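Take a look at the structure set out below.
The values are calculated or read from the model by the stated rules, or taken from the named source; none is laboratory data. Every value quoted in this text rests on a predicted model; they were computed, and no experiment measured them. All Cβ positions, glycine included, derive from the backbone under ideal geometry; neighbour counts span all protein chains shown. Heads up: the accessible areas ignore ligands, DNA and RNA and are worked out on the full protein's heavy atoms, side chains in. Shrake-Rupley method; radii C 1.70, N 1.55, O 1.52, S 1.80 Å.
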Amino acid sequence: MPRIRAAVCTAFNQPLAIEALDLRAPLAGEVEVTLEAVAICHSDISYAEGAWGGDLPAVYGHEAAGRISSTGPGVTAFTQGQRVVVTLIKACNACINCATGHPTICENQAPRPAPLTRPDGTEVIQSMHCGAFAERVVVDQSQIVAVPDNLPPESLCLLACGVITGIGGMINAGRLKPGEDVVVIGAGGVGLNAIQGARIAGARRIVAVDMSEAKLDTARAFGATHGVLGTEKSPWRKAMKALGRGADVVAVTVGAIPAYEQALRYMGWGGRMVMIGMPHSGAMAQYEPVVPAFMGQHMIGSKMGDAVISRDIPWMADLYAQGRLKLDELVSGRWSLDQINEAIADTRTGGARRNVILFDT
Ligand SMILES: [Zn+2]
Ligand SMILES: [Zn+2]
């Protein structure tokens, strides 16, 4: 059983502790991946803050890339040495949601023997089926996709979560059609990808809304045609002025409740609101049901961009290789595993796009 270094959460709202843990060998249908890069996502921070509960000690991290170092019995689609992206999307491929092309809402999340233990034998939770703040992971083969060898792992790892969540939210969940008008609330890691997803899908106009002028400038570089400061009074009026009408698709990419409450104001007749940002459990929003009822509007929850990873990640890796998808520009900092608490603190300040932990492999 290999002993690996991992960043462990032992108490909510406390720094992660680097510990040596034992990682069991892959079972049937599983693979072991030696990680090259893992990005810090806001969901990792929300978990570490206790926003969504969960047992401790736990290892977070779910936006990773690396090479397969071992395969379990029955794994035929992957081979040792292959570079893969590791995601949290574990699919049974048999339930009705998997069978109809929606593995992000797989209903069959059967527990499996814990991959991680402390040297004294106590279990450490491998959070989100990944536990990728660690040198290696053992995951189900449904969670990985092979990616090209010649692209940098610190950019490829972003395809595991933030990129598919933003682009998939716009295209898979929002069903954005060429020529439609879009508002994206929040120009952080996911918001920038919703914006580039709208650009790729051929949106007519793309309005970015954010509290920071600097982030609106970044949003324009990713394809936004207009920027509106969320700090203004009634920012939706500015967006309406830019579009001359309400938007066809409004993507909420942040977990802030005011963003969810205001989103409906940006929508036109028949508009679709795509709910991507994840508020803390128990947080409530208020809205007027008569408005969507009368205006024929839709509210669409989108988990992980409704992605089918074997379809979407190779597509996005190709767009990146062709220069049509920005990934390098999303990476704002590179850190070692020992610096993970500093990297998380930097992400918390809100200025960072994606901070990536690089492993010495
Ligand atoms: Zn994530
Ligand atoms: Zn399933």
Pop the C-beta distance of T117 and D338 into the FRET formula with R0 = 22 Å and round what comes out to the nearest 0.05. 0.50
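So for the chain, if I pair up every lysine 8 or more residues apart or on another chain, how many of those pairs have alpha-carbons under 19 Å apart?
5
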Does a label point 7 Å from the Cα of C92, set along Cα-to-beta-carbon, have any residues of the stretch 26-56 with amide nitrogen under 18 Å, and which are they? 28-30
So the angle from the long Cα axis of helix 309-321 to the longest Cα principal axis of the chain, reported in degrees to the nearest 10, equals 70 degrees
Regression test value, accessible area per residue of the chain, probe 1.4 Å, units Å², expected 41 Å²
Residues whose built amide H sits under 5 Å from the amide H of V147, excluding neighbours closer than 5 in sequence, are R83, V84, V85
For S69, solvent-accessible area (1.4 Å; no DNA, RNA or ligand), Å²: 30 Å²
Over the stretch 219-361, what is the relative contact order in whole percent, taking alpha-carbon pairs under 8 Å and six or more residues apart? 15 percent
Would you kindly state how much longer the chain becomes between F78 and E261 on full extension, computed as 0.36 nm times their sequence separation minus their alpha carbon distance, in nm to one decimal? 61.4 nm
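With viscosity set to 1.567 mPa s and temperature to 4 °C, compute the Stokes-Einstein D of the stretch 202-275, Rh being the Kirkwood radius across alpha carbon pairs; µm²/s, no decimals.
105 µm²/s
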Could you tell me, in Å, what Rg and Dmax come out for the Cα atoms of the stretch 1-89? 14.4, 41
Per residue convex hull volume, Cα atoms of the chain, in Å³: 129 Å³
What distance in nm separates the simple spin-label points at W315 and K241, each placed 7 Å from Cα in the Cβ direction? 3.7 nm
Want the number for S212 to L27: 0.36 nm per residue separation, take away the alpha-carbon distance, what's left? 61.9 nm
With axes computed from alpha carbons, what is the tilt in degrees of helix 189-200 against the longest principal axis of the chain, rounded to the nearest 10 within 0 to 90? 60 degrees
Percent of all alpha-carbon pairs of the stretch 204-354 at distances over 29 Å, whole number, is 26 percent
Sorted by accessible surface (1.4 Å probe, heavy atoms of the protein chains only), largest first, F294, F222 come out as F294, F222
For the stretch 14-170, one quarter of the surface area of the C-alpha convex hull, expressed in nm², comes to 9.7 nm²
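Could you please state how large a percent of the accessible area of the chain is carbon and sulfur, counting protein chains only and using a 1.4 Å probe?
Roughly 53 percent, rounded to a whole number.
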